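The values are calculated or read from the model by the stated rules, or taken from the named source; none is laboratory data. Since we're looking at a predicted model, the values are computed, not measured. All Cβ positions, even for glycine, are placed from backbone atoms using ideal geometry, and neighbour counts span all protein chains on display.
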Amino acid sequence: MSQKINKPKILCSSLIIFPLLSVFFSTSSIFILQKCPAAEETPHKKAVVIKVEAFRYGYLPDPIKVKKGDKVKLLITSRDVKHGFYIKEYGINSTVEKGKITEVNFLANKRGEFTIVCTVYCGSGHLSMKGKLVVE
């Protein structure tokens, strides 16, 4: 008498086990990647929003204070005439017109005190129109 080999059962069980194993390992590796600090992204910080007003011959608030690492959104307006808003170290150079909002976005990645300068002639006190950005 010949012995029967249950090939269909082996084939059937391998068709079930291998997909289950692959699902288990793929979801495990996804879980591991999600928990691994090296795979995590830096949390998205909300921008620090600061309203700035330019006027003959200054800026309010003065100084503008933020913390190193802050995403900063400045909403700049002018109360009188067209002004400039220039911070050399951050590559910011914008024009601010009366009645309009100029939005300036940057990452405060350098500590220190930085001079804000008006780059649009705005009257006899133009050369003395300065402000300060402080990144703590």
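Details
- Some residue of the range 62-72 being modelled with pLDDT of 95 or more, closer than 22 Å to S124 by Cα and under 25 Å from the mean Cα position of the chain (by Cα): yes
- Residues in the range 96-126 that are aliphatic (A, V, I, L, M), closer than 12 Å to G84 by Cα and part of a loop (DSSP other than H, G, I, E, B): 1 in all.
- Within the range 88-136, considering residues that are of a type in the set (V, I, T) and farther than 14 Å from G58 by Cα, the one surrounded by the most Cβ atoms within 10 Å (Cβ to Cβ): V135
- Inter-residue pairs, beta-carbon under 7 Å, first assigned by TED's automatic domain parsing to the domain that holds E103 and under 13 Å from Y121 (Cα atoms) and in the range 77-91, second surrounded by 13 or more Cβ atoms within 10 Å (Cβ to Cβ) and of a type in the set (G, A, S), 6+ apart: H83/A54; F85/A54; F85/S94
- Extreme residue, surrounded by the most Cβ atoms within 10 Å (Cβ to Cβ), among residues of the range 51-76 that are under 17 Å from G91 (Cβ atoms) and among the hydrophobic types (A, V, I, L, M, F, W, C): L74
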